[in-house]
1. Net charge within 15 Å of Leu109 by Cβ-Cβ distance, Lys/Arg positive one each and Asp/Glu negative one each, not counting Leu109 itself?
2. When the chain is fully extended, how far beyond the present Cα-Cα distance does Leu38 get from Thr271, taking 0.36 nm per residue of separation?
3. What is the packing order of peptides 45-55, 261-271, taking the mean over residues of other C-beta atoms within 10 Å and listing the highest first?
4. For segment 52-111, compute Rh as the Kirkwood radius over C-alpha pairs and then the Stokes-Einstein diffusion coefficient at 25 °C and 0.890 mPa s; write the answer in µm²/s, rounded to an integer.
5. For q values of 0.19, 0.24, 0.26, 0.30 Å⁻¹, compute log₁₀ I(q)/I(0) with the Debye formula on a Cα-only model of segment 357-405, without solvent.
6. For the pairs Lys368/Lys390; Lys280/Lys359; Lys268/Lys390, note any where the Cα-Cα span goes beyond 19 Å.
7. For segment 244-287, I need the span (max minus min coordinate) of the C-alpha atoms along each principal axis, in Å, sorted largest to smallest.
8. Take the Cβ-Cβ distance between Ile249 and Glu394 as r, set R0 to 25 Å, and report the resulting FRET efficiency rounded to the nearest 0.05.
Amino acid sequence: MIGIKLSINLHNKRENAYLRVISIELLGLSIAMLPCFLIDIFENTSNLTFIIPILIGIILSVTIGLTTKMPKTIRSIDGLFLLGIVWIVAIIFSAVPFMVSGFSVADSLFESTSNITTSGAAIVNVRRISSGLFMWRSIMEWIGGLAIIMLFTLLLPMFGFGSRELLDSSTSFSSDASTLTLRKKDIAEQFLCVYSFLTAAMVLLLMSLDVSFFDSLCESLATISTGGPVSKYSNFSEFPGKVKIVCSIFMLLGSINFFLHFRAIYYKKYTTYFSNEEFKFVLLWNSILITLIYILIHCDYTIGKGFNSDFIDVIVAVIGATSTTFFVDFEYWPEVVSTILIFAAFLGGSAGSTTGGIKISRLIVILKYIQNGLKSILHPEAVCEVRLNKGFVENRTINIIATLCVLFLLTTLAGILALVICGYDLPSSILTTIALITTSGSSFNGTLGLSICGLNWFLKIFLCFIMLLGRLEIISGIILFTPRFWKEFISSMKRTG
């Protein structure tokens, strides 16, 4: 009888996209915690840190999975709501190990948000937490980096709600996206393979340079995701120059449009990089910054480590800034250098990558649009088109990009104003807000920006919100808080209720 009842219940699963996706998400995060649990067992530290969230995640996942199923179609309005739910559930569930370890709710949520969004701003002392928790920080960043690639290159087009415009403004308008004929599920699997391949390659390279397996794995997970925590056992600045160069290469790879990596690895089209306008601009931009900052440092920077060491540190700092990773602390460098690096982080890297910031492709489009505007003033009869990678950028897409850039600036100003109103000085408020909204928080924490540990719980949650908006490219996050969205969502729920 029990078997018959169970069979009937399984066949009468209720269609619910939200619960079904959450069950899969919880199962995936629970499995991701297993290596951290094993590390803590090996080091004879508390087993409860991960066993409690793992059991909770698996029980909830199985229970929800047995009673729900995915509907055949997902409405666009549901898809966008699902986007917000997925990130919030990931942040809350990923914070549980920190709560079990004794950290406050606000600190735990800040830590999980920071790592899931690949900001890397540590509120915990990474030297004093268990190796399992440290590994969990790196794994969260790796998951967050993969999620943002999948989200803005594959998932949003499935939802339809403004997704074409978001896709166009986040994949550098490359024809690569439109010419792919494989099913989205197959592309997602192959993107995962590319992401994993780059991670594994970095692990092997670091181990060949006598870096321990644990450090190699943590640094690799954090680097390809452009998150950037330091090693648990040593400071990144103490690593040999060869290790820093390897990290710089993979920070750069993480900041490049993953459609280019996809085509290079799967279709052996290595020239696809240099036929991409954004990629060439990223290389030029990094080269200019490296040259400029090296000159500025040698005009003022007197520590004197020698040409090779100085030059390598500049390379790591510049690529760390443009990729919003920031392995190197530049607290003692000239103030003008710090300002340049902060500006570079604000612009970010390539669209369709794991980086934060405005993104280079959007900057290129805006600059070309301004150039055409000036040209039309001189030649009113001329037909001016914005082109990128030999393709025509539609006015609708340009409007989306302009809206996104304006919202990015306004959100940054709102964050700065909120911190100033709370009594913090303007320079620290600016640095902290930019660090978190661009997901480059690692270098600023406790040095150039605010000391996050000293903030009250309300401000910590507020900064979590800033990081999440920055990771969701502002526009998709803000849409979730507009009255029109909720009006349409509630109306849609009533029609299907």
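Bear in mind these aren't lab numbers, they're just calculated from the coordinates by the rules spelled out. In this text, all values refer to a predicted model and were calculated from it rather than measured experimentally. All Cβ positions, glycine included, derive from the backbone under ideal geometry; neighbour counts span all protein chains shown.
1. Here the charged neighbours net out to +1.
2. Numbers: separation 233, 0.36 × 233 = 83.88 nm, distance 4.28 nm.
Using 0.36 nm per residue and subtracting the Cα-Cα distance, I get 79.6 nm.
3. Values: 45-55: 17.6, 261-271: 15.4.
Answer by packing, highest mean first, reads 45-55, 261-271.
4. Details: Rh = 13.4 Å.
The Stokes-Einstein estimate is 183 µm²/s.
5. So the normalised log intensities work out to -0.61, -0.91, -1.02, -1.20.
6. Details: Lys368/Lys390 13 Å; Lys280/Lys359 14 Å; Lys268/Lys390 21 Å.
Exceeds cut-off: Lys268/Lys390.
7. For segment 244-287, the Cα extents along the three principal axes come out at 30, 20, 13 Å.
8. Numbers: r = 35 Å, r/R0 = 1.41.
The pair Ile249/Glu394 has a calculated efficiency of 0.10.
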